[in-house]
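Reviewing the structure listed below.
The values are calculated or read from the model by the stated rules, or taken from the named source; none is laboratory data. The structure presented is a predicted model; accordingly, all values stated were derived computationally and were not measured. Every residue, glycine as well, gets a Cβ built from its backbone with ideal geometry; the counts of neighbours run over all protein chains shown.
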């Protein structure tokens, strides 16, 4: 039973990044100025507009990799660092968001330390 819960946890952590980026991409596609609005939002957070495609790419690829269980250890460590980056960037505007992303980073570090979960592409390679 614990093995299945580990897989569910990995998938939930992946959807934290994958879900919002899919919503953001659909907004960018459906609105004529969606991408410019996203860049402006990042500008309000103190980030230059060049971060828009980088953040989208990291969330899309990292979230999908976690959901599928591919390169779990590396991706979890990388997304933990990314979550800490988001904690400090977004935490300047909303302090409670900082603590949420710090908790997400903690969960990702735990996943990186225990990456062997069932129903993952990493398990298929072994």
**Request:** Say whether the condition of being touching a helix residue (DSSP H, G or I) at 6+ places or on another chain (Cβ under 6 Å), buried (at least 18 other Cβ atoms within 10 Å of the Cβ) and without any contact (Cβ under 8 Å) to a residue 40 or more places away in the chain is met by at least one residue in segment 69-76.
**Result:** yes
**Asked** When you look at residue 6, is it over 15 Å from the mean Cα position of the chain (by Cα), touching a residue at least 40 places away in the same chain (Cβ under 8 Å) and surrounded by 16 or more Cβ atoms within 10 Å (Cβ to Cβ), yes or no?
**Response** yes
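Could you tell me which residue of segment 15-53 is modelled with the lowest pLDDT, considering only residues that are exposed (fewer than 12 other Cβ atoms within 10 Å of the Cβ) and not in a loop (DSSP other than H, G, I, E, B)? Show your work before the answer.
Applying the first criterion (exposed (fewer than 12 other Cβ atoms within 10 Å of the Cβ)) to segment 15-53 yields 23, 26, 29-30, 32-33, 44, 46, 48, 50.
This time we only want the ones that are not in a loop (DSSP other than H, G, I, E, B), so: 23, 26, 29-30, 44.
Details: 23: 93, 26: 93, 29: 91, 30: 92, 44: 88.
Across segment 15-53, the extreme among qualifying residues is 44.
Inspect segment 82-96 for any residue being within 22 Å of residue 6 (Cβ to Cβ) and buried (at least 16 other Cβ atoms within 10 Å of the Cβ) and give the result as yes or no. So that I can check it myself, show each step before the final result.
Of all residues in segment 82-96, those within 22 Å of residue 6 (Cβ to Cβ) come to 82-83.
Add one more test, that the residue is buried (at least 16 other Cβ atoms within 10 Å of the Cβ), and what stays is 82-83.
Within segment 82-96, one or more residues are within 22 Å of residue 6 (Cβ to Cβ) and buried (at least 16 other Cβ atoms within 10 Å of the Cβ).
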**Message:** Return the pair list, or none, for Cβ contacts closer than 8 Å from residues in segment 41-58 that are in contact (Cβ under 8 Å) with a residue 24 or more places away in the chain and at positive phi to residues that are surrounded by fewer than 16 Cβ atoms within 10 Å (Cβ to Cβ) and assigned to a loop (DSSP other than H, G, I, E, B), at least 6 apart or on different chains.
**Reply:** 46/92
